[in-house]
Amino acid sequence: MKVLYFHQHFSTPKGSTGIRSYEMARRLVARGHQVTMVCGSYGGGETGIALPFINGMRRGEVDGIDIIEYDLAYSNSDGFLKRSMTFVRFALRSIGVALTERYDLAFATSTPLTAGIPGIFARWLRGKPFVFEVRDLWPELPKAMGVIRNPLLLGAMSVLEWISYRSAHRLVGLSPGIVDGIARRGVPRERVALIPNGCDLDIFAGEVEPWRPGQVKSDDLLAVFAGTHGVANGLDAVLDVAVELKRRTREDIKLLLIGQGKLKPALQERTRREGLDNVLFHGPVNKARLAGLMAGTDVGLQILANVPAFYYGTSPNKFFDYIAAGLPVLNNYPGWLAGMIRENQCGFAVDPENPQAFADALEQAANERSALLAMGKRSRLLAEREFDRERLSNQFVDWLEMAEAKQ
């Protein structure tokens, strides 16, 4: 089977962003299938192709994956209009590939929602099996966050969502809430598979050199957030707890925000303005370097803005990296991840917008190191038992093979 795989934000492990699509494509190849990955140039991503762009496109093979990369630069720091235009341009270029490339099955993964457009064309104009993966519920999430308020735009996105779901022969949801959201749009549940993000057990359990920033002492408690610094992430909550920790004179607890994003400059300015020297910033790093940092970290911070749509409707990469690395996780919003942390006793789940409870959890972590280590061991066991990337990627390939076989 030849799979045409659309993911605008694709990256290999050499980049500093999620590698789900890389691992899924590699599993398809390992099981005898061919994969053509269609992507853009994502900030923090690394496709592995070094050839120059010709007419805005370059093509090459990386780790057995045939990659078509368009010169469509995208960053989370871009403004709404620029990001929207990049999404549309990628969708238009991808339609051309869907209509001309030779393949047996089209697979598309969001976000953005426009990633499903080439799959729609593949289904209805070429009669190809189409599988659509939903990483976030659009337009529910941007509407809930207040990022998009225009009723016409929200209506158009809702129509595109409906068409994408109804065009797909099968779908994949990354969290229980996403699967429920798809079903609410009238899609039979037997057509939707729950395949959450996975844990790269080999990367985080291999031989790595632990490191931490120079400002962090060896006996400090280091709590790390590794991810995008955007509106959805609500990272002012980390700065709020930094204020509380300063009030409690807990200079032995350091908070590290590693990554990039639209709000990073504002967060850095706030730390300077308020003298929060217990908060440190670091640029994004690749997976190997991240594994070394995780080996030198005490607590992983799973932070999101307090938006109810997030509670069950997200599957954050960082959470799975934390547990793969055997880190206790401190989560600051309700939902399926908070329930998992409590059930498996592998970290702390605190109420949102409560810096006192957040600080209490960090103080407990700093004061009870043996208990913290036990939490970390339970995190790793959870990763191995429930979220082994190899097992989940095999489930993914099974789902695509069944979709192709039934057409």
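No lab work stands behind these numbers, since they all come straight from the coordinates. In this text the structure is predicted, and so the values were computed from the model without any measurement. A quick note on method: Cβ atoms are made from the backbone with ideal geometry, for glycine too, and the neighbour counts reach across all protein chains shown.
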(request) Quick one: of 14/377; 217/262; 82/143; 2/128; 262/377; 14/128, which pairs are farther than 23 Å apart, Cα to Cα? (result) 14/377; 217/262; 262/377; 14/128
(request) Would you grab the residues whose amide H sits under 5 Å from the one on residue 281? Only those 5+ places off in sequence or on another chain, please, with H modelled 1.01 Å from N. (result) 257
(message) Can you give me the long-range amide H partners of residue 326? Hydrogens built in the peptide plane at 1.01 Å from N, cutoff under 5 Å, separation of 5 or more residues or another chain.
(response) 380
(request) Report the percentage of all Cα-Cα pairs in the range 202-386 whose separation exceeds 31 Å, rounded to a whole percent. (result) 7
(request) Starting from the amide H of residue 388, placed 1.01 Å from N in the peptide plane, find each other amide H under 5 Å away whose residue is 5 or more places distant or on another chain. (result) 199
(request) Scan the range 100-177 for trypsin sites (Lys or Arg not before Pro) in coil per DSSP, keeping those whose Cβ has at most 13 other Cβ atoms within 10 Å, and list them by number. (result) 102, 149
(message) In whole Hz and in residue order, list the ³J(HN,Hα) couplings for the range 145-155 that follow from phi through the Karplus curve 6.51 cos²θ - 1.76 cosθ + 1.60, θ = phi - 60°; x for Gly and Pro.
(response) 7, x, 6, 10, 10, 4, x, 5, 5, 4, x
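Counting helices only, and only those DSSP H runs with n ≥ 4, report the 222 nm mean residue ellipticity of the chain as the sum of -39,500 (n - 2.57) divided by its residues, in deg cm²/dmol to the nearest 500.
-13500 deg cm²/dmol
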(request) Would you please name the chymotrypsin sites (Phe, Trp or Tyr not before Pro) within the range 44-119 that are DSSP coil residues with at most 14 other C-beta atoms within 10 Å of their C-beta? (result) 53
(message) Explain nothing, just compute: Karplus ³J(HN,Hα) = 6.51 cos²θ - 1.76 cosθ + 1.60, θ = phi - 60°, for every residue of the range 121-130 in order, whole Hz, x for Gly and Pro.
(response) 5, 4, 5, 8, 9, 10, x, 8, x, 10
(message) With a cap of 15 neighbouring Cβ atoms within 10 Å, and only residues DSSP puts in a loop, list the trypsin sites (Lys or Arg not before Pro) found in the range 315-407.
(response) 406
(message) Percent of Cα-Cα pairs more than 38 Å apart in the chain, please.
(response) 19
(request) Write down the percent of antiparallel bridges among all DSSP beta bridges whose residues are both part of the chain, to the nearest 5. (result) 15
(request) Return 293, 245, 72 ranked ascending by Cβ neighbour count within 10 Å, so the fewest neighbours appear first. (result) 72, 293, 245
